[in-house]
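Taking it in order: structure first as structure tokens, then the write-up.
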Amino acid sequence: MFDAEATEKELRSLTSVQVGPETKEYNLLRADEEYRNGNEKDSIYYQVRALFQCADMRLLTEAQELENQLPNASEILLEATPKEKADYKRNKFLQNILNYQLKLEERTTTPKNTVIDSLDFLQDVQDPKLGYARITEVCQQLPEEWCVLQLCKSFNAATTYSTFCEIAAANGDIYVSLLRHCRSPELEPTCLHFNNDALGSLFKEYSTMVERFRRVVTVDPLAVKDQESKAKYWKELHAFEDYLKKLIADLNSVFMPYCFMFLGKRYADAAVQQQTKLIFDRVDEFCVEHRWNNHQRILLSQAALHANRLPHDQMKQLSYELNSNSNNNNNETEALLVYELLKSCATKWQKLEQRQQLAAKRFPIILVVDERLDHMHWEQLAPMQECTRIKSLHSLWRLFKYHKAKIQHGYYMVDIKKGITLINPDADLQNSGRRLRSFLEYWLSHWQHMFETVPTEQFMIEKAFKADCFVYAGHGSSLQYVSSRLIYRNRIQGVIFLFGCDSTRVLSSGLYSALYGAQDYYHGALCPTVVGTLMPALDGNMDNVSANILSQWIAPVEKQIIPWTSIDRAAWVSQGTVKALKGNSDTLEQHLDYHTGSLSAILANVQMGKVEPKIYNCCVYVCRGLPVWNAAVEELPF
């Protein structure tokens with residue numbers, strides 16, 4: 001007979017290193033049970049705990065222990081001999097070194113609340129209600145501009161003896177927890193549960209999607225030289241495009257009419273703040289009058305905040321669905337009132353956005369994504385929205401705490417002027433290497449570049465990891481050139497771009513094991529932001545996307561050059577030649593709005609197909625970690 005109390009007591013006695021698939025599945029099982037029993041808050045607690053248990057804490061704690069063993073300035077002076085102390089008093093150079101170290105320690109040392117500041121902020125919690133309160137406390141300390149959504153797949157008993165492909169294909173429900181939302185911290189986190197019948201087939205299709213694409217594009221160039229072979233290749237690629245469009249459309253339909261949850265808070269200027277307050281007051285008045293609970297209030301507030309993004313059919317559907325949870329008998333009339341409220345809000349937002357462009361912009365959302373849902377295209381539910389991903393609330397909390405001093409208005413602020421690139425290190429991507437070399441020598445000539453050379457671990461540690469920005473373009477993710485243990489032992493403050501197939505796709509290393517991608521190792525080293533891919537992509541298209549992203553986010557030294565978007569793309573793709581489009585003579589100096597400070601905003605444009613229109617070329621790029629803003633190209637508009 002299942003003894004929940006005894007099992008939970010046993011699991012609590014395990015350290016983070018010892019926990020495995022059984023612990024994660026147990027937490028997911030409890031999350032399911034609590035949600036079915038109406039204990040939404042307890043369910044959220046177990047979901048958050050489940051997503052953290054998949055993390056390998058051993059290397060993280062080992063790196064932290066090594067860091068803690070470093071002596072501070074006071075300890076160095078205390079251990080000095082009388083002769084050394086006398087030499088120190090006469091040596092200005094040594095005094096300057098120690099004084100600098102003391103100032104550095106003062107800046108980095110913060111008073112610790114030992115529980116909430118620990119790596120596992122739930123480590124001392126046994127009661128789910130206390131755990132939920134701790135989660136709420138953590139979320140309230142995150143930037144007020146952020147919305148944080150957690151996506152979690154439900155319990156599956158077969159997981160502990162299944163392969164990753166079987167786990168990904170298995171049917172299940174999805175929990176979407178709004179850990180921080182548009183009414184935080186006034187209203188607490190809430191949760192939605194999706195158990196649509198279409199989820200089963202969606203999981204199956206997504207589990208084979210990458211391999212299906214790989215079979216289409218993995219061809220011998222010598223075998224597709226005749227017209228018949230070329231026609232067959234393009235036919236199969238077009239068929240995959242139709243298949244992927246339908247897959248993403250099916251994902252959208254599962255979450256309709258709730259895709260508005262994936263939209264962030266609006267940029268908060270005076271007009272937006274005033275209108276937001278008026279709309280929330282109307283929502284509150286309606287909820288009080290009709291005795292709606294806080295869950296309904298949060299969802300109605302979020303819908304009203306983004307009402308002009310909702311088609312009228314979704315407004316109507318949402319009105320009836322929200323009202324179905326009401327205790328009132330006059331459901332039809334109440335649903336119509338909600339519909340009229342949303343239409344009124346949509347009109348108000350539309351007029352405000354027409355008057356001032358900034359009102360249409362939104363702060364980033366952070367998606368906390370279960371490893372078993374990470375291969376799905378969540379950004380496509382609201383492709384215009386700035387978005388980043390992270391594997392657990394604990395990982396987000398750790399990055400936020402470390403980089404808090406450099407976060408302004410929800411963005412990690414950088415001032416990138418120089419960086420390092422590693423391009424085609426295996427020297428077997430001839431066309432791609434030629435294209436990227438010509439772009440980088442044209443746009444970022446002042447950077448340090450390494451072309452067609454296999455890097456040493458010393459180069460990665462001493463050069464790449466210490467740069468303000470590191471760009472890798474080649475096979476995979478760059479992990480083949482440096483040990484994961486060495487990555488963990490470093491502290492990486494720069495932004496990393498990994499332009500390779502599957503570069504940030506999470507993969508399994510055994511029958512059942514936690515899934516890891518390159519971003520997890522870099523985040524382990526406290527790297528704030530990693531940009532990469534979810535699946536393979538075609539070389540020429542990936543080169544075009546990477547050049548567009550870098551050119552919009554990083555400024556060249558020379559302002560008299562042609563903007564990259566005005567370059568003859570055909571000549572560059574086919575020959576690696578950089579020249580202006582015919583009839584175009586404008587320089588970058590004449591395009592004052594060419595650059596964008598927010599990296600997530602640039603990636604949103606990629607997701608919308610503004611750089612590469614084909615869906616299989618635009619939906620694969622994701623930002624992981626903290627939203628980042630390059631102040632070297634654009635100041636914050638606040």
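The values are calculated or read from the model by the stated rules, or taken from the named source; none is laboratory data. Model, not experiment: these values are computed from the prediction. Here Cβ is always computed from backbone atoms with ideal geometry, including for glycine, and neighbour counts include all displayed protein chains. The area values use the complete protein model at the heavy-atom level, side chains included, leaving out ligands, DNA and RNA. Shrake-Rupley method; radii C 1.70, N 1.55, O 1.52, S 1.80 Å.
Sort His409, His449 by accessible area with a 1.4 Å probe, largest first.
Values: His409 80, His449 50 Å².
My answer, sorted largest first, is His409, His449.
Ranked from the most accessible area to the least, with a 1.4 Å probe and all protein chains present, what is the order of Met608, Met450, Met209? Mind showing how you got there, number by number?
Working: Met608 80, Met450 40, Met209 0 Å².
Result, largest first: Met608, Met450, Met209.
Could you check the spin-label model distance between Ala427 and Asp197? Points 7 Å from the Cα along Cα→Cβ, value in nm.
If labels sit at Ala427 and Asp197, their model points lie 6.0 nm apart.
Counting only the heavy atoms of the protein chains, how much of Val606 is accessible to a 1.4 Å probe, in Å² to the nearest 10?
0
State which stretch of the chain is the longest one without any exposed GluC sites (Glu not before Pro), exposure meaning a DSSP loop state and at most 14 other Cβ atoms within 10 Å. Mind showing how you got there, number by number?
Working: sites that count: Glu144, Glu186, Glu558, Glu635.
In the chain, the maximal stretch lacking such sites is 187-557.
Enter the accessible area of Lys579 (Å², nearest 10), with the probe set to 1.4 Å and all protein chains included.
100
Roughly what would the spin-label model give for Lys463 and Ile76, points 7 Å off Cα along C-beta, in nm?
2.8
Mind pulling the per residue volume of the convex hull built on the Cα atoms of the range 398-630? Å³ is fine.
Numbers: hull volume 29.6 nm³, N = 233.
Convex hull volume per residue, Cα atoms: 127 Å³.
With +1 on the Cβ of every Lys and Arg and -1 on the Cβ of every Asp and Glu, and nothing else charged, how large is the dipole of the chain about its Cα centre, in debye rounded to the nearest 20? Intermediate values should be presented prior to the final figure.
On the way: 70 positive and 78 negative charges, 316 e Å.
For the chain, the charge dipole is close to 1520 debye.
Based on the Cβ-Cβ distance of Lys83 and Val454, what FRET efficiency does E = 1/(1 + (r/R0)^6) give at R0 = 51 Å, to the nearest 0.05? Don't skip to the end; give the middle numbers.
Numbers: r = 48 Å, r/R0 = 0.94.
With a Förster radius of 51 Å, E is 0.60.
For the range 266-360, what is the convex hull (Cα atoms) projected area averaged across all directions, in square nanometres? Walk me through the intermediate numbers first.
Numbers: hull surface 22.2 nm².
Dividing the Cα hull surface by four gives the mean projection, 5.6 nm².
As an exercise, use a Förster radius of 51 Å and the Cβ-Cβ distance of Gln357 and Ala239 to find the FRET efficiency, rounded to the nearest 0.05.
Numbers: r = 40 Å, r/R0 = 0.78.
In this case the efficiency is close to 0.80.
What is the extension gain from Ala231 to Glu144, computed as 0.36 nm multiplied by their sequence separation minus the C-alpha to C-alpha distance, in nm to one decimal? Don't jump to the answer; show the numbers that get you there.
Details: separation 87, 0.36 × 87 = 31.32 nm, distance 5.28 nm.
Contour length minus Cα-Cα distance gives 26.0 nm.
Cross-link partners among lysines for Lys316, C-alpha distance below 30 Å, same-chain residues fewer than 8 apart left out?
Counting by Cα, and skipping residues close in sequence, Lys316 has these lysines nearby: Lys41, Lys153, Lys245, Lys246, Lys265, Lys277, Lys343, Lys348, Lys351, Lys361.
Among the aspartates and glutamates, select those whose C-alpha is under 14 Å from the C-alpha of Lys466, and discard any that sit fewer than 8 residues away in the same chain.
Glu457
In square nanometres, what is one fourth of the surface area of the convex hull spanned by the alpha carbons of the chain?
33.8
What figure, in Å² to the nearest 10, do you get for the accessible area of Arg183 with a 1.4 Å probe and non-protein molecules left out?
Approximately 10 Å² for this residue.
Order Tyr402, Tyr100, Tyr206, most accessible first, counting only protein heavy atoms with a 1.4 angstrom probe.
On the way: Tyr402 100, Tyr100 140, Tyr206 5 Å².
Ranked list, largest accessible area first: Tyr100, Tyr402, Tyr206.
Find how much the distance from Ser483 to Ser585 grows on full extension, using 0.36 nm per residue of separation minus their present alpha carbon separation; answer in nm with one decimal. Don't skip to the answer; put the middle values down first.
Details: separation 102, 0.36 × 102 = 36.72 nm, distance 4.71 nm.
So the extension gain works out to 32.0 nm.
Using just the Cα positions, wrap the range 495-638 in a convex hull and report its mean projected area in square nanometres, one decimal place. Provide the component values of the computation, followed by the final result.
Details: hull surface 42.4 nm².
If you wrap the Cα atoms of the range 495-638 in a convex hull and average its projections, you get 10.6 nm².
Tell me, what is the FRET efficiency for Ser324 and Glu33 to the nearest 0.05, using R0 = 41 angstrom and their Cβ-Cβ distance as r? Write down the numbers at each step before the final one.
Values: r = 24 Å, r/R0 = 0.58.
The formula returns an efficiency of 0.95 here.
Which length gain, in nm to one decimal place, applies between Leu278 and Tyr402 when the Cα-Cα distance is subtracted from 0.36 nm times their residue separation?
Values: separation 124, 0.36 × 124 = 44.64 nm, distance 3.65 nm.
Working it through step by step, the gained length comes to 41.0 nm.
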